[in-house]
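Asker: Take this structure, written in structure tokens, and hold onto it; I'll ask about it next.
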Amino acid sequence: MKGIYADASGGLAEVFARVYREDDPPVTVHEIDVIAPEQMPGLYSGHDFMLNDHTFLPTEAMAKVEGLKHVIFLGTGARSYMNVEEIEALGIQVHTIRGYGDTAVAEHTIALMWAAARNIAMLDRSVRAGGWPRGGGIELTGKTLGLWGFGGIAAEVARIALGSGMRVIACNRTAKTYPGVEFVDLPRLLAESDVLSLHLLLADETRGVLDAARLAAMKPGAILVNTARAGLIDTQALVAALRSGHLRHAALDVFDAEPLPAGDVLTTLPNVTLTSHDGFNTPEASENLVRMGLDIAKRLAQG
């Protein structure tokens, strides 16, 4: 059984070399950043599995690939890069990886939360331009952090926030328990959260789930943090809530279009902090991710 990792660009080939073991299945590694659909049949055919980091896989192109049986997507968001059902209808099983970057994304979430509370991005921009402003920030000790969705990342966020003296509440589709966290229904979560952090998977039933009505139901002056998926939020409604002052601040790591286009309305709002879908991006998380992908390949090879 042999595989290919074609889009190991941006330092990922080096990560792969660090975590690859002698008893792993053989993998051909390329550092191609952008792979065009017409390249895919020639590139992927003849391999049993592929590791895929960030390449869009059109069904029409993948239908021309011969011999491929498995796509191991390096992350959780495979649906942002392919139609999973259509790919699997071709006889190619899609595998995803969870948990590799729980700590990395949680720490980024916490960093965005504090940056928003203290207006760090605004202060930084002003000082660089020669200003000396007062940020008018708020303290978070004793405030309520609401977590919408409660998987591994949210659990790490809760651990850190509880240690900093915040009250933590959460809303999850299925029953969960976690020391120090109170699980509540969605209306209470929206009404009581001084900071609302999203940790839902993006699916048909969650797309646009934070719409105008639910934004209006949030506590006035709340902070919104999103390190999950942009599609969870109605962006136009979010912009309106920020402009009206109903929301104090939004701190966002994910966007409807990535990279975020220059001049996008979100870049014009002073009460928005932006990062470049970088929450998962630490050396530790990258090594975890590639190693977990190779572990899947090894299990497949062993039957």
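Bear in mind these aren't lab numbers, they're just calculated from the coordinates by the rules spelled out. Remember, it's a predicted structure, so these values are computed and weren't measured experimentally.
Asker: Percent relative contact order of the chain, based on C-alpha pairs within less than 8 angstrom and at least six residues apart?
Answerer: 17 percent
Asker: Mean-square fluctuation check for the chain, GNM, Cα pairs under 10 Å: which of Ala191, Ala154, Ala129 is largest?
Answerer: Ala129
Asker: OK, next. How long are the semi-axes of the ellipsoid equivalent to the chain, from square roots of 5 times the Cα gyration tensor eigenvalues, in whole Å, largest first?
Answerer: Equivalent ellipsoid semi-axes, largest first: 38, 21, 19 Å.
Asker: Show the residues, 5+ positions off or on another chain, whose built amide H is closer than 5 Å to the amide H of Tyr5.
Answerer: Thr28, Val29, His30, Leu51
Asker: Continuing with the same structure: What percent does the relative contact order of segment 102-274 come to when contacts are Cα pairs within less than 8 Å and at least six residues apart?
Answerer: 21 percent
Asker: Can you list residues whose amide H is under 5 Å from Val94's amide H, if they're 5+ apart or on another chain and H is modeled 1.01 Å from N?
Answerer: Residues meeting the amide H criterion: Val71.
Asker: With n ≥ 4 as the cut-off for DSSP H runs, can you work out [θ] at 222 nm for the chain, using -39500 (n - 2.57) per run divided by the number of residues, rounded to the nearest 500?
Answerer: My calculation for the chain gives -9500 deg cm²/dmol from helical runs alone.
Asker: Another one. What ratio of Cα Rg to 2.2 N^0.38 Å holds for segment 55-139?
Answerer: Segment 55-139 yields a ratio of 1.82.
Asker: At each listed q (0.12, 0.15, 0.16 Å⁻¹), what is the log10 of I(q)/I(0) that the Debye formula gives for segment 10-95 modelled as equal alpha-carbon point scatterers?
Answerer: Here the Debye-derived log intensity ratios amount to -0.35, -0.55, -0.62.
Asker: So, one more: I need two numbers for segment 24-180: Rg to one decimal and Dmax as a whole number, Cα atoms only, in Å.
Answerer: According to the Cα coordinates of segment 24-180, Rg and Dmax are 21.9, 62 Å.
Asker: Can I ask one more? Can you give me the orientation-averaged projected area of the convex hull built on the Cα atoms of segment 102-274, in nm²?
Answerer: Projected area, direction-averaged: 9.9 nm².
Asker: Identify which of Asp23, Asp234, Asp211 has the largest mean-square fluctuation in a Gaussian network model of the chain, with springs joining Cα atoms closer than 10 Å.
Answerer: Among Asp23, Asp234, Asp211, the largest GNM mean-square fluctuation belongs to Asp23.
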